[in-house]
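In what follows, a single structure is set out as structure tokens and then discussed.
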Amino acid sequence: MASRWRQQPVYSPTSPELFEIGDGDPESGVTFYPPSDDTYLFLDVLHDEIERASAMDTLSGSGACILEVGPGSGVLSTYLVRALQSVGISAVSVALDVNIRACEATMKTARAVGVGPKIDVMVGDFIQSPRWLRYRPDIIICNPPYVPSPPEECNSTGIEASWAGGHRGREVIDKMIPVFAELLQPRDESTVPVLYFLLEKQNCPSEVCQMFQDLDCSGECVGKRQVRGELLYVYKFKKRLQSGV
């Protein structure tokens, strides 16, 4: 299925008028991850989740705190803040990236569409810094580095950090899972945080789901798409409540 964002750009800030967006190759001068096929799938999933009557019902009548890990251009956070506002839910987002250029791009995107005050960016390592556990987000979104790569690329703080996933594309993903499981801890039965997490076939999504399950999290596939050389999935994870939810 073709993405609706192909025919109708998300927002003008993602166009070359504001960013020198190339193909994601460091040699092209691009210093952050631009909107790509995985981004468009993620946007479609978020759009459909918001349109579903009960998808984000725990947010109704209250504000939403979003945490995005690895925002790249900032398109996902910017879209989600705007989309939630359009259905009457006030939203703010914290976007975290090890790449300072990605943080700058995220702020530029947010300011260009008038949601700059709603999005805060931080330069940092999600896995290494336990301070992120202070945040209690309602929604977590993450398009992780999932592409198989040499292990040494996993330590990059440049554009390589957006895709370099090490062996099977899982070295970074596997380290993220326990931190996400902690952040998904419900504050009460009416507030159950959710994580939207992108995976590729080579990552063996069933194994990733089992790792979440071992940490008392349930998961379901909410989006799937075959693109150029990749079979992409977006999963939604949340903690299982004692009642079995």
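Stretching the chain fully between Arg136 and Leu241 yields a gain of 36.1 nm (0.36 nm per residue, less the alpha carbon separation). Structural descriptor for the stretch 79-218: relative contact order 20 percent, calculated from alpha carbon pairs under 8 angstrom and at least 6 residues apart.
Fewest first, what order do Met122, Met176 take by the number of other Cβ atoms within 10 Å? All intermediate terms of the calculation are to be shown ahead of the outcome.
Details: Met122 13, Met176 19.
Going from least to most buried by this count: Met122, Met176.
Label positions at Val227 and Arg168, each projected 7 Å from the Cα along the C-beta direction, are separated by 2.3 nm. Put in order of Cβ neighbour count within 10 Å, fewest first, the listed residues Val92, Val81 become Val92, Val81. Computed from the alpha carbon atoms alone, the convex hull of the stretch 58-154 holds 103 Å³ per residue. Annotation: peptides 63-76, 103-116, ranked by per-residue average of other Cβ atoms within 10 Å with the highest first, follow the order 63-76, 103-116. Kindly identify the stretch 100-216 as rounded, prolate or oblate by the Cα gyration tensor criterion: order the square roots of the eigenvalues as a ≥ b ≥ c, call it rounded if a/c is under 1.5, otherwise compare a/b with b/c, prolate if a/b is larger, else oblate. Because a/c hits 1.5 or more and a/b fails to exceed b/c, the stretch 100-216 counts as oblate. Each residue, Arg111 and Asp216, gets one label point 7 Å from its Cα in the Cβ direction; the gap between the two is 4.3 nm.
Throughout, read-outs are computed from the coordinates displayed, never taken from laboratory work. Since the structure is predicted, the reported quantities are computational estimates derived from the model, not experimental observations. Heads up, the Cβs are rebuilt from the backbone with ideal geometry, glycines too, and the neighbour counts pull from every protein chain shown.
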